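Step one of this worksheet: look at the structure below.
Taken together, the values in this text are just the output of simple stated rules run on the coordinates, not laboratory data. The structure presented is a predicted model; accordingly, all values stated were derived computationally and were not measured. Because the Cβ atoms are built from the backbone with ideal geometry, glycine has one as well, and the counts that use them run over all protein chains shown.
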Amino acid sequence: AQKVTQAQTEISVVEKEDVTLDCVYETRDTTYYLFWYKQPPSGELVFLIRRNSFDEQNEISGRYSWNFQKSTSSFNFTITASQVVDSAVYFCALSRNNAGNMLTFGGGTRLMVKP
Amino acid sequence: NAGVMQNPRHLVRRRGQEARLRCSPMKGHSHVYWYRQLPEEGLKFMVYLQKENIIDESGMPKERFSAEFPKEGPSILRIQQVVRGDSAAYFCASSPVGHQGYTFGSGTRLTVV
């Protein structure tokens, strides 16, 4: 069975602070995919990143960066110099490497960035 | 190139009525997925369909819920005799064949009163 845990249910920071959202996963598969999605107050789901389990390189995209540590089964997400527009619920998700593509989501972390 | 289209955006039903949620996948996408998000929770997989086939419905409640993806037209998630506990956001996603990860629609927010 697969499981994704986002232990931080809610984080509050002041604008321009850096913030890291934690994601820990469990799977018996050797090949899998990890994702992060953003859900702003408007409710839609915005895709942020997909990472293959064989690719452990960290990734940076503007103010966003992701740290994939296979040894600790973690895929953490850092926002540098946070902005009010970053306020949203962020979901980490895991899928198996099969044609099914079903995603197992974590419970989400609500990030509030205050001006 | 429109994304995944879901309608209606908001749906209010009285207890005992039927709810029909529609999802039009992205052009060229033949796989459709439905997820449910209960208030203050993450998304839970419900069903995976290809055209005219249900591939995996392991996340669907055994009663009152059904889904289809006909040869022509949108995918439909149908909830019969709705109850208050069905109130949730229902998201549809689509993907092309063999692709990992997919595009979500904006969701349908069902409220049962």
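Listed here are the pairs A:3/A:38; B:27/B:51; B:27/B:62; which of them are more than 22 Å apart at the Cα?
Where the Cα-Cα span goes over 22 Å, the pairs concerned are B:27/B:62.
Restricting to Cα atoms and excluding each atom paired with itself, what does the Kirkwood estimate give for the range A:68-115 in Å?
12.9
If you project the alpha carbons of the range A:1-79 onto their three principal axes, what span does each projection cover, largest first, in Å?
38, 24, 21
Just need the relative contact order of chain B here, percent rounded to a whole number, with Cα pairs under 8 Å and 6+ apart.
37
Give the average, rounded to an integer, of partner chain Cβ atoms located within 10 angstrom of each Cβ in A:101-112.
5
Show me the trypsin sites (Lys or Arg not before Pro) within the range A:1-86 that DSSP assigns to loop and that have at most 16 other Cβ atoms within 10 Å of their Cβ.
Those satisfying the criteria are A:16, A:28, A:63.
Taking beta carbons within 10 Å but only from partner chains, what does the mean come to for residues B:103-110?
3
Under a Cβ-Cβ cut-off of 12 Å, what is the net charge of the residues other than residue B:77 that fall near it, where Lys and Arg count +1 and Asp and Glu count -1?
+1
Order the peptides A:81-94, B:49-62, B:12-25 from the highest to the lowest mean number of other Cβ atoms within 10 Å of their residues.
Top to bottom by mean Cβ count within 10 Å: A:81-94, B:12-25, B:49-62.
Which three numbers, in whole Å and largest first, are the semi-axes of the equivalent ellipsoid of the range A:34-106 derived from its Cα gyration tensor as √(5λ)?
Each semi-axis is √(5λ); the values are 21, 17, 9 Å.
Give the average, rounded to an integer, of partner chain Cβ atoms located within 10 angstrom of each Cβ in B:32-42.
Going residue by residue through B:32-42 and averaging, the value is 3.
So what's the gap between the Cα centers of the range A:1-67 and the range B:4-56, to the nearest angstrom?
About 24 Å separates the Cα centre of the range A:1-67 from the one of the range B:4-56.
What's the percent breakdown of Cα-Cα distances in the protein assembly as shown across 10 Å bins, shortest bin first?
8, 32, 34, 20, 5, 0
For Cα pairs less than 8 Å apart in space and 6+ apart in sequence, what is the mean separation divided by the residue count of the range A:25-115, i.e. the relative contact order in percent?
29
What is the projected area of the convex hull of the Cα atoms of chain B, averaged over all directions, in nm²?
Its average projected convex-hull area is 6.7 nm².
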